[in-house]
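Just below is one structure, and these are the notes that go with it.
The values are calculated or read from the model by the stated rules, or taken from the named source; none is laboratory data. These figures come from a predicted structure and were not determined experimentally. Cβ coordinates were reconstructed from backbone atoms using ideal geometry, including for glycine residues, and neighbour counts include every protein chain displayed.
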Amino acid sequence: MSDLARPALSVVAPCYNEQDALPEFLRRVGAVLDSLGGSSEIVLVDDGSRDRTWDAMTVAAAADPRIVAVRLMRNHGHQLALTAGLSVCRGERILIIDADLQDPPELLPDMMALMDGADGKAGADVVYGQRRQRDGESLFKRASAAAFYRLINRLTDVDIPTDAGDFRLVSRRVLDLLLAMPERHRFIRGMVAWIGGRQVPLLYDRHARVAGESKYPLSKMVRFAADAITAFSVVPLMASMTIGWVMAAVGFGFFIYSMIGWFMNANLPGWTSIMAALGLLGGMQFLMLGIIGAYLGRLYDQSKGRPLFMIRDIVSGPK
């Protein structure tokens, strides 16, 4: 499609079991787009929902020509569902937002203004939401999220903003660069940070979910963190070498200790020391093999060359 036919703005929202939140989400996003004027579209991606999310999307698309409903063949996970929506959208600027309304769409005009530039300042390539506080989330989730962002910034040379999710406005130029990245285990907020350009924060307070429950239990949070760390840092691999040298030194120390005891005819408690040494060294070896296996597993997934996502249906509103 030619650039002249592109809408000025696309809103992309991955959805998983969001039938209850979707009507309010579309009402609020639609009101914001109406206030801005200009051409726009709303791309909704059904990530293999088990409720009636797809039905709600198709009904909404039949009533609003701006809505494009995309249904994936199965559940691919948030990051790949988001990638699918980004590959379909056509806007010159793209707002990435979740349908649970924790991130308020009413911030879009402020994001647009920052991207336009004013008072002698150049416009931004990316405007990302940075949370001042997080309502409706447990202390554990807030603490673990804070620890994660600080850890990954210590492990990588990419400056990934703290307390910022995928809620952001990006330019078409940035999106095209993002879509050119083929990696399967995606950490989109980190990938956007890696692209560079002028990236500007917008501080806001994150709200509680308008309906439904979180789609990120502890197990998914751990997998997401592992994908992020292995995608942007080789520090764990380098740490395995360092720990290997330390364990070699510990083993050599046990050897010297044993030889001195043998020459002095000392009564060494052999079983305890041997078992302690074997347990320590064996545990470290398995830990390092696990780290190496995590990287190899991701290389194996990437080498298969399968598509990142599979789209089943695309339904757009009446034109």
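Somewhere in segment 13-27, is a residue surrounded by 15 or more Cβ atoms within 10 Å (Cβ to Cβ), among the polar types (S, T, N, Q), part of a helix (DSSP H, G or I) and assigned by TED's automatic domain parsing to the domain that holds A99?
No, segment 13-27 has no match at all.
Tell me, which residue of segment 152-176 that is touching a residue at least 12 places away in the same chain (Cβ under 8 Å) and among the polar types (S, T, N, Q) is farthest from A228 (Cα to Cα)?
Out of the qualifying residues, it is S171.
Among the listed residues V170, V246, V192, which satisfies the condition of being among the hydrophobic types (A, V, I, L, M, F, W, C), modelled with pLDDT of 65 or more, in a helix (DSSP H, G or I) and touching a strand residue (DSSP E or B) at 6+ places or on another chain (Cβ under 9 Å)?
Testing whether each residue is among the hydrophobic types (A, V, I, L, M, F, W, C), modelled with pLDDT of 65 or more, in a helix (DSSP H, G or I) and touching a strand residue (DSSP E or B) at 6+ places or on another chain (Cβ under 9 Å) leaves just V192.
When you go through (1) at pLDDT below 75; (2) touching a Pro at 6+ places or on another chain (Cβ under 9 Å) one by one for I291, which number turns out not to apply?
Status for I291: all satisfied but (1).
Condition test on L202, is it part of a helix (DSSP H, G or I), modelled with pLDDT of 70 or more and in contact with a strand residue (DSSP E or B) (Cβ under 9 Å, 6 or more places away or on another chain)?
no
Counting only residues that are assigned by TED's automatic domain parsing to the domain that holds L177, surrounded by 14 or more Cβ atoms within 10 Å (Cβ to Cβ) and modelled with pLDDT under 95, give me the strands (runs of 3 or more DSSP E) lying completely in segment 52-140 with at least 1 of them.
Because the criterion is at least 1 residues that are assigned by TED's automatic domain parsing to the domain that holds L177, surrounded by 14 or more Cβ atoms within 10 Å (Cβ to Cβ) and modelled with pLDDT under 95, the strands (runs of 3 or more DSSP E) in segment 52-140 that meet it are 126-134.
For segment 178-189, give me each residue that is modelled with pLDDT under 90 and either touching a strand residue (DSSP E or B) at 6+ places or on another chain (Cβ under 8 Å) or under 19 Å from I94 (Cβ atoms) (or both). Lay out the reasoning, then the answer.
Initially, segment 178-189 is screened for residues modelled with pLDDT under 90, giving 182-187.
Listed by number, the residues that qualify are R186, F187.
Could you check segment 38-51 and list, in sequence order, the residues that are crowded, with 24+ Cβ neighbours inside 10 Å and touching a Phe, Trp or Tyr at 6+ places or on another chain (Cβ under 7 Å)?
Scanning segment 38-51 gives D46, D47.
Test R150 against the stated conditions and say whether it is of a type in the set (D, E, K, R) and either touching a Leu at 6+ places or on another chain (Cβ under 9 Å) or at pLDDT 95 or above (or both).
Values: of a type in the set (D, E, K, R): yes; either touching a Leu at 6+ places or on another chain (Cβ under 9 Å) or at pLDDT 95 or above (or both): no.
When the stated conditions are applied, R150 does not pass them.
Please indicate, with yes or no, whether at least one residue in segment 48-55 is within 24 Å of A113 (Cβ to Cβ) and more than 19 Å from the chain's Cα centre (by Cα). Full working, then the answer.
First, the residues of segment 48-55 that are within 24 Å of A113 (Cβ to Cβ): none.
Checked segment 48-55: no residue is within 24 Å of A113 (Cβ to Cβ) and more than 19 Å from the chain's Cα centre (by Cα).
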